[in-house]
């Protein structure tokens, strides 16, 4: 059995015009290998936003899954205790810094690390934006107000992550931050694209439509590299 992590630059039901699930949502659910997986939505980065929770429930109600929601503002202890029951975790966008601080305070970080090490079944961790950056060692985030590199992730995946590469034009800042050594090299991903890791190794790059892509950015000491080497990764359209 394997631990899957699907890190989306953006996209899925959260960014769909009609709130409907996209091919990325369906891909995440199918990775569980279960005919009726229990999918846990994690809206911590949006302060457990009720509209966001309702949007998730509406989107996933048609996917043949069972659903639950991790809530840390109310009923946190009971909610956290149920986490090991879930097959799939979908982490929403918002403030990455606040997300990780609350996970640490409530023991969610420790639980996620333990669940990720369990090879007795398939587990799927996924998310977009903050919900994707959280799995890495570091990221480019505006969680402090300004846009900056930050080494504060869970570290289930090595390296760093930058979401919304095309939607918010973060590429130059991410490249500069990697080149300066503030964060390790890693991946910058367009809205609508995602990276799929299996047991910590990149398995494939996927997208919900034509157009989105990803960049692999690594620090370099070569004189002509301006401090980094970048490789464009072309996704498989689902």
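The values are calculated or read from the model by the stated rules, or taken from the named source; none is laboratory data. What you see is a predicted model, and the numbers here were worked out from it, not measured in a lab. Here the Cβ positions follow ideal geometry from the backbone for every residue, glycine too, while neighbour counts run over all protein chains shown.
Summary of values
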{"read-out": "The lone exception for residue 89 - which of (1) surrounded by 20 or more Cβ atoms within 10 Å (Cβ to Cβ); (2) touching a helix residue (DSSP H, G or I) at 6+ places or on another chain (Cβ under 7 Å); (3) assigned to a strand (DSSP E or B) it fails", "value": "(2)"}
{"read-out": "Any hit, the range 12-26, residues being closer than 25 Å to residue 199 by Cα and assigned to a loop (DSSP other than H, G, I, E, B)", "value": "yes"}
{"read-out": "Test: residue in the range 103-113 that is farther than 22 Å from residue 200 by Cα and crowded, with 17+ Cβ neighbours inside 10 Å", "value": "yes"}
{"read-out": "Single condition residue 162 does not satisfy, out of (1) buried (at least 19 other Cβ atoms within 10 Å of the Cβ); (2) under 26 Å from residue 54 (Cα atoms)", "value": "(2)"}
{"read-out": "Hey, residue 122 free of Cβ contacts under 8 Å to residues at least 24 places away in the same chain and more than 16 Å from the chain's Cα centre (by Cα) or not", "value": "no"}
{"read-out": "Verdict on residue 63 being surrounded by fewer than 20 Cβ atoms within 10 Å (Cβ to Cβ), touching a residue at least 24 places away in the same chain (Cβ under 8 Å) and touching a helix residue (DSSP H, G or I) at 6+ places or on another chain (Cβ under 9 Å)", "value": "yes"}
{"read-out": "Residue satisfying condition, being touching a residue at least 24 places away in the same chain (Cβ under 8 Å), within 19 Å of residue 163 (Cα to Cα) and within 19 Å of the chain's Cα centre (by Cα), within set 92, 19", "value": "92"}
{"read-out": "Pairs, first at positive phi and surrounded by fewer than 20 Cβ atoms within 10 Å (Cβ to Cβ) in the range 194-221, second at pLDDT 95 or above and not in a loop (DSSP other than H, G, I, E, B), C-beta under 7 Å, six or more apart", "value": "199/3"}
{"read-out": "Residue, surrounded by the most Cβ atoms within 10 Å (Cβ to Cβ), within the range 11-28, restricted to residues that are touching a strand residue (DSSP E or B) at 6+ places or on another chain (Cβ under 7 Å) and over 20 Å from residue 156 (Cβ atoms)", "value": "11"}
{"read-out": "Hits in the range 72-86 (condition: closer than 15 Å to residue 111 by Cβ and surrounded by 11 or more Cβ atoms within 10 Å (Cβ to Cβ))", "value": "72, 76, 79, 80, 81, 82, 83, 84, 86"}
{"read-out": "Among residues of the range 47-57, those that are in contact with a helix residue (DSSP H, G or I) (Cβ under 8 Å, 6 or more places away or on another chain) and not in a loop (DSSP other than H, G, I, E, B), counted", "value": "3"}
{"read-out": "Residues (closer than 20 Å to residue 69 by Cβ and part of a helix (DSSP H, G or I)) located in the range 27-39", "value": "28, 29"}
{"read-out": "Scan of the range 33-59 for residues that are more than 27 Å from residue 97 (Cβ to Cβ) and crowded, with 20+ Cβ neighbours inside 10 Å, ordered by number", "value": "37"}
